[in-house]
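The values are calculated or read from the model by the stated rules, or taken from the named source; none is laboratory data. A quick note: this is a predicted structure, and the numbers were derived from the prediction, not measured. Ideal geometry is used to build each Cβ from the backbone, glycine not excepted, and the neighbour counts take in all protein chains shown.
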Amino acid sequence: MKHFPTRRAVLGTASAFTLMALTACGGNVAGGAANTSNYPSGPVTLTVGQAAGGSTDLIARALAEGATESLGAPMPVVNKPGANGALATKEVAGKPADGQELVLLNASLITITPLAVSADEAVNIDDLDVIAGLSQDDYVLVASTDSGFKSFEDVTGAGRSVTFGTTGVGTGSQLAQTVLFKQANVNGTDIPFDSGKPALTAVMGNQVELATIQLGEAMPQIEAGKVTPLLVFSEERNSFLPDVPSAKEAGYDVPVAQYRAVAAPKGTPQEVKDKLLASFQEAFRTDAYKEFNEKNMLTPKEITGEEVVTEWKGYAAKYKELVEKHGISLSGNK
Amino acid sequence: MDFLNPVINGFSVVLEPTNLLYCLVGVVIGMLIGVLPGLGPAATIAILLPLTYGVEPVTAIIMLAGIFYGAQYGGTITSVLLRLPGEASSVVTVFDGYQMARQGRAGTALGLAAIGSFVGGTAAIIGLTFLAPIVAGFALDFGPPEYSALALLGILLVATISSGARAKALVAAAIGLLLATVGRDMFTGESRFTFGSMQLADGIDFVPIAMGIFGLGEILYNLEERHRAAKAPSKVSNVWPSRGDLKQASGAVGRGSVLGFFLGILPGGGATIASMASYAMEKKRARQPERFGKGAPEGVAGPETANNAAATSSFIPLLTLGIPANATMALMFGALLIQGVQPGPQLVEQNPDLFWGVVNSMYIGNILLLIMSLPLVGIFVRILRVRAAILAPITALITLLGAYTINNSMFDVTLVVVFGIVGYLMKKFGFEPGPLVLAFVLGELLENSLRRSLLMFGGDATGFLTRPISATLLVVFVLVAFLPAIRTFIAKRKGGAGAVTTTNNIEEKV
């Protein structure tokens, strides 16, 4: 009997806390709704659908730091990981379209993830107003030193089945490799890892022979000679790996890279979007931001929101076509 | 000498003022909660997890580790002075410690315990220092098949060796395994048990589960237990034990160090079991066993040495293999993941600063504890007078606030409340929460590695036996699984003498 009041007290505390949090949010929303001339009316929140410390998060933080000054308002970065970023994106899409709430988008969420998950888990880019494109993060195909593969011809000429690691289901890493191997007529077993790091470790230990990983992640081991780069999946050679051929040069049609952009809820006023774009462009010009891109092997792709939408929709259609043409299923593998 | 370079660099990491400060904060908090009955290191670490979010990984883990081994010191104080064990691992210290206090030798008991803890802890760190690079040498040989075998063995050991009823531990472990399946299937992208909720698409996060079951669950459970009013503690004098006492206890300290070290490495082992085993061992070895329970110094020195040695050595499987040996280590695992550090065989090589920083911080922490533990006894005992009615709501609030801040998610707060209730009910009905949390952590590893391995082997399960490390681990698994049967068989034939050798066998292999 004794514990009844106690439990109620704890639940009471919890619900009081919930209330507090809710009212705090309410205050924020009301503050930002009025007219656009005095935008921004308070901190502009940039939500990231990935955990803190990952490459998407780092990009958001570098951008926010550069944009704060010209925007005239602080830009806190808030991480809301979940469902590859779909959770954060859907949440921001549902916020008032006043420019106070932004989200950092990964192209794969729009272009690749829908190929692997059910329709209601996917995100539609038309639910958002894209403000600006940011950068391109290239994928590189690496081989373990024990595999003996020095170039992609070695793989196609090996005449045997290979094992390859991906960074997960519905990622560019999986798409790029499955399509590439289909086109090159190589038999391969696709082994998904949780993210880039474990996949890279598996290649280093020759647990898998090949893997496709984001360049920034693979670079230290490439430089140390512990993995061999075979191909990059960008349409042109990557400036950080000038000696590695692109898949296109090698004769394969798999233009896969990770692109990132900033977006606001649909219906954000034009003046607000212009102001945001201007402050992002200001950020792009800072040395700190340029250095950041350089250090993380990111190729700047600072295009307009409209260009982002057209390009990403183009890639989504292209990937869908490739997958259907080659009879690949990203989900339900095996 | 190359091997020693990172070790020495680790010391320079620890000696940074921030890290020293956090080490001090950690051991003080540890001693504090060690004194408070009920609130254990697991609960405290669970509650403080979000706090570590903003600091460097090394600093965070140094502090959390300090809490863990600091609690082993603190738990002794109340056992000796008030006959009130602050920690489960200090329960056996009550038998002789309190008797010694009644005979006016409280100071001697505390002094012996502090010295024993220091020796045990330090011995285990030295073991850790030399063992870790050896294990890490195999780092790249650890692929999916090795991890599957390791996770399998870990879950089995947790469920069979942990204290409490075995059937209930298995039930808890099974629930943990089930919870680990929630979320998007890593291999097909299919949603499992998400009930259409996006919040569950990535599965249940480890932190809300730990904070709920260990943090909130403990708080709720402790409110139900009536706290005894603090009695006036016995006077503490003559902290430095006499030569005779030291001589009498030195054997116990040595044996406790070794025993604690090995029991700490075993998954499912840890400080509590080590202290009990050491007490039993000392009593068995003694020429006059009847002295035990009446103030025998070995009865204090042995268990206190063993629990600290075990607390330290349980870091070995976590830091070198990424396999948490007990519930507190599972929380450390969570803390490292929050920091973006994947514990595993690669840790020593990829993050030498973190690894050696944490290991070396334990030397410093143990010295700090030795210096502080005796002068601060009086203050800590006074804390016992704070009423649970005041302490509990504050800690509950901190827990919920912390849960929110990790992912800025109200859903996580709800999860903590739900698992808090689950944890409370489990404790109330005699289920240990440890196996649930450990199985949850290992379940995901087991499933993913197993499926990955089978993909690698083209569906041929015999592939596990073709690789030396996974084959060895599986043999150990079979040995452990059939140990009870083997034991009864031997007992029938020889009249029950062979059990010890088989146990030793496992200790060596793991």
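A:Asn206 passes every criterion in (1) on the phi > 0 side of the Ramachandran plot; (2) without any contact (Cβ under 8 Å) to a residue 60 or more places away in the chain apart from (2). Consider A:Pro229 carefully, then state whether it is buried (at least 21 other Cβ atoms within 10 Å of the Cβ), assigned by TED's automatic domain parsing to the domain that holds A:Ser147 and of a type outside the set (A, V, I, L, M, F, W, C). Yes, satisfied. Among the residues of region B:178-196 satisfying the criterion of being more than 14 Å from every other protein chain (Cβ to nearest Cβ) and either surrounded by fewer than 18 Cβ atoms within 10 Å (Cβ to Cβ) or within 16 Å of A:Val117 (Cβ to Cβ) (or both), which is modelled with the lowest pLDDT? It comes out as B:Phe193. Scanning region A:63-86 for residues that are more than 14 Å from chain B (Cβ to nearest Cβ) and in contact with a Ser or Thr (Cβ under 9 Å, 6 or more places away or on another chain) returns A:Glu65, A:Gly66, A:Ala67, A:Thr68, A:Glu69, A:Ser70, A:Leu71, A:Gly72, A:Ala73, A:Pro74, A:Met75. Exactly one residue out of B:Ala330, B:Ala309, B:Ala325 is within 19 Å of the chain's Cα centre (by Cα), more than 14 Å from chain A (Cβ to nearest Cβ), part of a helix (DSSP H, G or I) and closer than 26 Å to B:Ile204 by Cβ, and it is B:Ala330. Residues of region A:110-156 being assigned to a strand (DSSP E or B) and either within 14 Å of chain B (Cβ to nearest Cβ) or among the polar types (S, T, N, Q) (or both), which ones? Answer for region A:110-156, where residues must be assigned to a strand (DSSP E or B) and either within 14 Å of chain B (Cβ to nearest Cβ) or among the polar types (S, T, N, Q) (or both): A:Ser135, A:Gln136, A:Ser144.
Condition check: among the polar types (S, T, N, Q), without any contact (Cβ under 8 Å) to a residue 40 or more places away in the chain and surrounded by fewer than 16 Cβ atoms within 10 Å (Cβ to Cβ). Does A:Gln270 satisfy that? Against the criterion (among the polar types (S, T, N, Q), without any contact (Cβ under 8 Å) to a residue 40 or more places away in the chain and surrounded by fewer than 16 Cβ atoms within 10 Å (Cβ to Cβ)), A:Gln270 qualifies. Only one entry in B:Ile213, B:Ile204 is away from every other protein chain (no Cβ under 13 Å), at negative phi and at pLDDT 85 or above, namely B:Ile213. Filtering region B:352-392 to residues that are in a loop (DSSP other than H, G, I, E, B), among the aliphatic types (A, V, I, L, M) and free of Cβ contacts under 8 Å to residues at least 24 places away in the same chain leaves only B:Val386. Of the listed requirements (1) within 14 Å of chain B (Cβ to nearest Cβ); (2) buried (at least 24 other Cβ atoms within 10 Å of the Cβ); (3) of a type in the set (Val, Ile, Thr); (4) assigned to a strand (DSSP E or B), A:Thr89 misses just one: (4).
Filtered by the rule that a residue be within 10 Å of another protein chain (Cβ to nearest Cβ) and more than 22 Å from A:Ser246 (Cβ to Cβ), region A:165-189 gives A:Gly168, A:Val169, A:Gly170, A:Thr189. Residue pairs whose Cβ atoms lie under 6 Å apart, separated by 6 or more positions or on different chains, with the first residue in region B:109-129 and more than 13 Å from B:Val253 (Cβ to Cβ) and the second β-branched (Val, Ile, Thr) and part of a helix (DSSP H, G or I), are B:Ala109/B:Val80; B:Ala109/B:Val300; B:Leu110/B:Val80; B:Ile125/B:Thr312; B:Leu128/B:Ile316; B:Leu128/B:Val359.
Of all the listed residues (A:Val92, A:Val103), the sole one being β-branched (Val, Ile, Thr), closer than 22 Å to A:Ala288 by Cα and outside the structural domain of A:Thr167 (by TED's automatic domain parsing) is A:Val103.
Figure legend. Inter-residue proximity from region A:149-167: first residues within 14 Å of A:Leu180 (Cα to Cα) and in contact (Cβ under 8 Å) with a residue 24 or more places away in the chain, second residues charged (D, E, K, R) and surrounded by 15 or more Cβ atoms within 10 Å (Cβ to Cβ), beta-carbon distance below 7 Å, spacing 6+ or different chains. Indicated pairs: A:Val162/A:Glu209; A:Thr163/A:Glu209; A:Phe164/A:Asp190; A:Phe164/A:Glu209; A:Thr166/A:Asp190. On the stretch given as region A:205-218, residues that are modelled with pLDDT of 90 or more and either within 12 Å of chain B (Cβ to nearest Cβ) or surrounded by fewer than 24 Cβ atoms within 10 Å (Cβ to Cβ) (or both) total 4. A single member of B:Phe440, B:Phe419 is over 29 Å from B:Phe142 (Cβ atoms) and touching a residue at least 60 places away in the same chain (Cβ under 8 Å), and it is B:Phe419.
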